[in-house]
Amino acid sequence: MIIHKLADKLNSVHSLTTEEYRFLIDNRTKEDEEYIKDLAVSARKKIYGNSVFVRGLIEISNICKNDCFYCGIRKSNKNCDRYRLSPEQIMLCAEEGYSLGFRTFVLQGGEDPFFSDEVLIKIIGEIKSSFPDCAVTLSMGERSRDSYERLYNAGADRYLLRHETANEEHYNMLHPPEMSYKNRMNCLKELRSTGYQVGAGFMVGSPFQTNAELAEDLKFIELFKPDMCGIGPFIPHKDTPFANKKAGTLEDTCFLLSVIRLIYPNILLPSTTALGTIHPRGRELGILSGANVVMPNLSPVNVRKKYELYDNKICTGEESAECRGCLEARMKSVGYEIVTDRGDIKK
Ligand code: 5AD
Ligand code: FES
């Protein structure tokens, strides 16, 4: 009953103390999870109905100067077959995506020095002039304030940069010493003040994470109020220092999706590819827990297997049109509908 009361409070005031978040995560039963999920789905339906927004994900480069311990494309992974798409290839992906009904393109990549401001500005400009009714989202890691401003002025609308964990010590257990929690958080603030719609997010079940860290992640989401929050289970990659660590679970991820929906009912919440990787119906179950976005892959099929952040990633053999059709059917199977729309946050 205490958990129901906390959930009701969250549903009405959209805020709990960090200790209360912790209590909720620690003590919830299966029955409580169902209760919170029902609240989350009603909150989501009030704002977004049964629409699901889609974003076409174009994985533009797996070359990365960083060495995050969890990530399959970290620079120390000598088994990673590196590639970068040319601006022409990126445009072809966007053209195909447009004809498949996508109105948001997400350019995602490792921190690859080839993608300087000049190069990105040209690509963003071309996409925006060819498809003025589309949003461009960047997911290109940590850059300077100046760079964020230039890309924004070139027409980028949104930027995704997961905070990864809101606890500094935990951050340092997941990243090498050259990377810093403070810089990560500072980038998120710079992105927001530049004018972007901003996405934060974290992995569920990442190594050394406890419910205390998760409670801090929830408090961070409550206070920072990102427009979007990407969460998915951590999944080990065989060529990383975390190869033998356990993956995050479907149950924890779905539960946290519901809680985040209650923290910020309007938030854009993707049901991630990682969730679809650990369970055959993971993405459907994410939507049924309160998520409202899916991000199918638009990358050329010949590079898909190479953008392997974690083992056994799904959709590496399918053409863009197949993923689009597949997701449409999956969403229909649970009573939801993919819409042709930029999919901006409703405020
Ligand atoms: N398992 C799950 N998610 C991962 N990411 C990186 N590596 C993994 C992994 N092994 C996530 C990070 C990153 C996003 C692009 O993918 O949170 O921000
Ligand atoms: Fe890619 Fe189902 S979404 S095959």
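What follows is calculated from the coordinates using simple rules that are stated; it is not laboratory data. Predicted model only: the values in this text are computed from it and were never measured. Here the Cβ is made from the backbone with ideal geometry for all residues, glycine too, and neighbour counts use every protein chain on show.
Below is a table of values for the structure above.
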read-out: Criterion: of a type in the set (Gly, Ala, Ser), within 19 Å of ARG304 (Cα to Cα) and surrounded by fewer than 22 Cβ atoms within 10 Å (Cβ to Cβ) - qualifying residue of SER144, SER86; value: SER86
read-out: Per-region count, segment 282-319, residues closer than 20 Å to GLU33 by Cα, within 11 Å of ligand 2 (Cβ to nearest atom) and either part of a loop (DSSP other than H, G, I, E, B) or aromatic (Phe, Trp, Tyr) (or both); value: 0
read-out: Per-region count, segment 1-34, residues without any contact (Cβ under 8 Å) to a residue 60 or more places away in the chain, hydroxyl-bearing (Ser, Thr, Tyr) and under 22 Å from THR249 (Cα atoms); value: 1
read-out: Residues being of a type in the set (Ser, Thr, Tyr), more than 23 Å from the chain's Cα centre (by Cα) and part of a helix (DSSP H, G or I) - total across segment 80-133; value: 3
read-out: Among (1) buried (at least 18 other Cβ atoms within 10 Å of the Cβ); (2) away from ligand 2 (no atom under 16 Å from the Cβ) - the single one GLY232 does not satisfy; value: (2)
read-out: Test: residue in segment 162-173 that is free of Cβ contacts under 8 Å to residues at least 60 places away in the same chain, acidic (Asp, Glu) and more than 30 Å from GLN209 (Cα to Cα); value: no
read-out: Residue among VAL303, VAL334, VAL293 that is over 30 Å from VAL13 (Cβ atoms) and either hydrophobic (A, V, I, L, M, F, W, C) or more than 15 Å from ligand 1 (Cβ to nearest atom) (or both); value: VAL303
read-out: Candidates LEU275, LEU288, LEU327, LEU309 - the one that is aliphatic (A, V, I, L, M) and within 20 Å of GLY101 (Cβ to Cβ); value: LEU327
